[in-house]
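Note sheet for the following structure.
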Amino acid sequence: MKRHGTITMLKDGTLVVRFSVEDAGAVSNSTITYRKEDPEYDTVLHSIKGGIKPGETKPMPDELPGDKPDLSDLNDYNKL
């Protein structure tokens with residue numbers, strides 16, 4: 001699976017992630033918006049190499065929040 005895209009910071013600090021994913025010859029385009037009050041906002045902001053300022057667009061980092069599922073709860077479940 002190949003993924004590439006950009007992150008743009010709007011004047012109000014909102015982060016707009018635009019990316020394409022190619023898998024088995026199919027291409028999917030997506031846009032995700034992170035506002036300052038979103039739980040993942042700080043994680044996305046800090047994942048941008050060199051930081052970002054309002055009005056700037058930078059390459060999307062290799063990973064974003066939600067890319068890897070949190071399986072820590074499964075360990076507790078398996079102990080039941």
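Would you please classify the overall shape of segment 2-60 from the alpha carbon gyration tensor, given that a ≥ b ≥ c denote the square roots of the eigenvalues, rounded means a/c under 1.5, and beyond that prolate means a/b larger than b/c while oblate covers the rest?
The shape class here is prolate.
Please state the relative contact order of segment 2-60 as a whole percent: Cα pairs under 8 Å, 6+ residues apart?
41 percent
Arrange the peptides 50-61, 13-24 so that the one whose residues have, on average, the most other Cβ atoms within 10 Å appears first.
13-24, 50-61
What number comes out for the charge environment of MET9, summing +1 per Lys or Arg and -1 per Asp or Glu over other residues with Cβ under 12 Å away?
+3
Roughly what would the spin-label model give for VAL27 and LYS53, points 7 Å off Cα along C-beta, in nm?
Between VAL27 and LYS53, the simple spin-label model gives 3.3 nm.
Only the coordinates and a few stated rules stand behind these numbers; no lab work does. Just so we're clear, the structure is a prediction, and the values are computed from it rather than from any experiment. We place every Cβ from the backbone using ideal geometry, glycine too, and count neighbours over all the protein chains shown.
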